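The values are calculated or read from the model by the stated rules, or taken from the named source; none is laboratory data. Here the structure is a predicted model, which means the values were calculated and not measured. Cβ placement follows ideal geometry from the backbone for every residue including glycine, while neighbour counts extend to all protein chains displayed.
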Amino acid sequence: MSKSVGASRSAVLRRNAFKPIAVGMSRAPAVVSNATPASAGTVEPLMVRAARGEKVERAPCWMMRQAGRYQKSYRELAKKHPSFRERSETTELIVEISLQPWNSFKPDGVILFSDILTPLPGIGVNFDIDDNKGPIIDTPIRTLEQVKQLHAMDFSKVDFVGRALTQLRSEVNNQAAVLGFVGSPWTLATYLIEGGSTSLYKTIKTMCFSAPEVLDALLTKLADAMAEYIKYQIRAGAQCVQIFDSWGGQLPPREWEKWSGPYLKRIIASVKAEYPTVPLTLYANGSGGLLERLATTGADVIGIDWTTDMADARRRIPATQSVQGNVDPAILFASHDAIEDAVRDCLRKAGGQRHILNLGHGVLVGTPEEGVAHMFDLSKRLTYADVAQH
Ligand SMILES: Cc1c2[nH]c(c1CCC(=O)O)Cc1[nH]c(c(CCC(=O)O)c1C)Cc1[nH]c(c(CCC(=O)O)c1C)Cc1[nH]c(c(C)c1CCC(=O)O)C2
């Protein structure tokens, strides 16, 4: 199935073209060119300050998959716009969906509604997303010839992302951080090589041994494309960017050192060379065996999944880096008391600073919105002073 957005949309999008915003090497607040300029004294969002290790009063909170099917407003919008690609590739819809959780819960981070596969047409790969089956790649990539055909990022294929980020910055107006994201080379390659979601990773893991040069060529191209895509998101308005190495935990740690770590380091070094003060977060699912290794990539914030105790994570990650996470997403189905107990435990174990409160993975489909609202309420009430006392 090809995407269902036509020429008239491109005309609308061209009219709303975004101008890159000035993101300095300094810590001065970035200003969206076509939004009300932030005054000289504007304090940067709590989440940006916590990510950088500045002393803050409470842990900022946002949730992965903050926008999505658990929300009634999203399900209703999705009925009118049933194609995921239309929802995630039309500026006005991206902005509207990204703002749905902002309007309901006022989180400390507003993540762009998009997908890790969204930039793929920019390097010459077409894909579709089935709401139930997930991503489907038109032609899986398995040969060097195919890798050679991939080209450098063509940003005209993702201009809706830049425009949406710029509009979000002006809507949110520094009351929360606007968050961009990308998939890691390894995680993107699992889709490109397997052709879609997989539970076994058989083809790509076989290639680690049978065709290492093909895999290296693909991962290098993806690393360079994602580094440029992160910089593009920063210029458009993203104030923090998260790299999802979601399936990095599927690799034995020594293979991760070969097939994920080096490409993450390549991305982070490239972005840091241009934007040293924009916080970068790295998240891997099932990362208990990888934490020290994740920290060596140079990411400012390490996302922790819920299978690691936060106190252990805090011990294993250098004190110069921040942690994010890691409340079990399933707790949001439970009582208010159970949610409060889990949130307090997480806040206490994260150690009082350099912590961004989040789930250990994304909000689950079917989660009661009330549970989500309760966790956000708690995050605002439970200051570090309060947590230390009780
Ligand atoms: C189902 C699926 C999609 N895309 C993908 C899947 C998973 C399939 C698998 O298990 O292999 C691939 C994907 N997309 C995203 C990730 C990384 C985050 C993660 O580990 O979940 C991964 C691994 C980011 C995302 N993908 C999406 C966001 C939205 C931003 C947010 O609110 O967090 C992010 C960060 C949105 C998305 N992406 C998709 C849908 C249907 C939605 C809408 C929201 C929903 O219904 O849950 C399609």
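Kindly check whether there is at least one residue in region 201-214 that is among the aliphatic types (A, V, I, L, M), within 30 Å of Glu171 (Cβ to Cβ) and touching a residue at least 40 places away in the same chain (Cβ under 8 Å).
No, region 201-214 contains no residue that is among the aliphatic types (A, V, I, L, M), within 30 Å of Glu171 (Cβ to Cβ) and touching a residue at least 40 places away in the same chain (Cβ under 8 Å).
What number goes with the only condition from (1) surrounded by 14 or more Cβ atoms within 10 Å (Cβ to Cβ); (2) more than 24 Å from the chain's Cα centre (by Cα) that Cys346 does not pass?
Cys346 satisfies every listed condition except (2).
Looking only at region 71-100, filter to residues that are touching a residue at least 60 places away in the same chain (Cβ under 8 Å) and of a type in the set (Lys, Arg); which one of those is nearest to the ligand (Cβ to nearest atom)?
Once the filter is applied, the top-ranked residue is Arg85.
Looking at Asn132, Asn103 in this structure, which one is surrounded by fewer than 18 Cβ atoms within 10 Å (Cβ to Cβ), within 30 Å of Leu46 (Cβ to Cβ) and within 16 Å of the ligand (Cβ to nearest atom)?
Asn103
Among the residues of region 324-333, is any within 17 Å of the chain's Cα centre (by Cα) and in a helix (DSSP H, G or I)?
Yes.
Sort through Gly109, Gly122, Gly68 and tell me the only one that's more than 13 Å from the ligand (Cβ to nearest atom) and buried (at least 18 other Cβ atoms within 10 Å of the Cβ).
Gly122
Among what's in region 32-64 and is more than 19 Å from Leu378 (Cβ to Cβ) and either within 11 Å of the ligand (Cβ to nearest atom) or of a type in the set (Ser, Thr, Tyr) (or both), pick the residue that is modelled with the lowest pLDDT.
Per the stated criteria, the residue is Thr36.
Looking only at region 123-151, which residues are in a loop (DSSP other than H, G, I, E, B) and touching a helix residue (DSSP H, G or I) at 6+ places or on another chain (Cβ under 7 Å)?
Looking only at region 123-151, we keep the residues that are in a loop (DSSP other than H, G, I, E, B), and these are 124-126, 131-133, 138-143, 150-151.
Result: Gly124, Val125, Asp131, Pro140, Ile141, Arg142, Thr143, Leu150, His151.
Hey, any hits in region 337-357 for a residue that's among the polar types (S, T, N, Q), in contact (Cβ under 8 Å) with a residue 60 or more places away in the chain and not in a loop (DSSP other than H, G, I, E, B)?
Checked against the condition, which is being among the polar types (S, T, N, Q), in contact (Cβ under 8 Å) with a residue 60 or more places away in the chain and not in a loop (DSSP other than H, G, I, E, B), region 337-357 yields no hits at all.
Do we have any residue at all in region 259-267 that's of a type in the set (Gly, Ala, Ser), part of a loop (DSSP other than H, G, I, E, B), within 16 Å of the ligand (Cβ to nearest atom) and in contact with a Pro (Cβ under 9 Å, 6 or more places away or on another chain)?
There is at least one residue in region 259-267 that is of a type in the set (Gly, Ala, Ser), part of a loop (DSSP other than H, G, I, E, B), within 16 Å of the ligand (Cβ to nearest atom) and in contact with a Pro (Cβ under 9 Å, 6 or more places away or on another chain).
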